[in-house]
1. Say we join alpha carbon atoms closer than 10 Å with springs in a Gaussian network model of the chain; which of 123, 105, 84 then has the biggest fluctuation?
2. Expressed in nm to one decimal, what extension gain is obtained for the pair residue 184 and residue 97 from 0.36 nm per residue of sequence separation less their Cα-Cα distance?
3. What's the extension gain from residue 71 to residue 18 if we count 0.36 nm per residue and subtract their Cα-Cα distance?
4. Of 108, 176, 163, which has the largest mean-square fluctuation in a 10 Å C-alpha GNM of the chain?
5. Tilt of helix 49-75 relative to the longest C-alpha principal axis of the chain, in degrees (0 to 90, nearest 10)?
6. Could you tell me the calculated FRET efficiency between residue 78 and residue 145, based on Cβ-Cβ distance and R0 = 30 angstrom, to the nearest 0.05?
7. Compute the distance in nm between two label points, each set 7 Å from the Cα along the Cα-to-Cβ direction, one at residue 61 and one at residue 138.
8. Given the Cα-Cα distance of residue 50 and residue 156 and 0.36 nm per residue of separation, how much length would full extension add, in nm?
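Readers should treat all values here as calculations from the given coordinates under stated rules, not as data from a laboratory. Note that this is a predicted model, so its numbers are computed, not measured. No Cβ is skipped: glycine too gets one built from the backbone with ideal geometry, and neighbour counts run over all protein chains shown.
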């Protein structure tokens, strides 16, 4: 469904289980960044009514996810730690078309968002299946469904503004690049990505 070309190493869930506080902290900030990204897209493209209409509810949903993760930390008497650099997203941003046409940059913004949501969905699925904590299994199952919806929404928005074949071709380029990025990054359990 997600089209990802490289599955997450199954050892990632075991590593994530070692420090629930770290993975939840990173997850909380991923939700905050997703909220900010949607707001930024609305600010950059206010004339794109379909995008604005579709992203307004996602802003609210992503922010509610941030709160859910912070609440999960509190239930466990854990603290929201400091935000850390997301090396995965930094590496993906290198592939972003810098200097192409405004349309190329717009398409890349949408596909980058879709890709991050797709990888989050895949990771949340792994946690929902394999983490030893039953409460977190349920927690991540709900969030996995939401992330899948968000991934698909960004693709749908792209297809609203661009030819489907162009979207498909560029999406495949992003997927190929993401495979390289993921294969070169250190496997860490304290990060969602």
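1. 84
2. Extending this stretch completely gives an extra 29.2 nm.
3. 17.1 nm
4. 163
5. 10
6. Working: r = 24 Å, r/R0 = 0.81.
Efficiency at R0 = 30 Å is approximately 0.80.
7. Going by the 7 Å Cα→Cβ label model, 2.2 nm.
8. Length difference between fully extended and current span is 37.1 nm.
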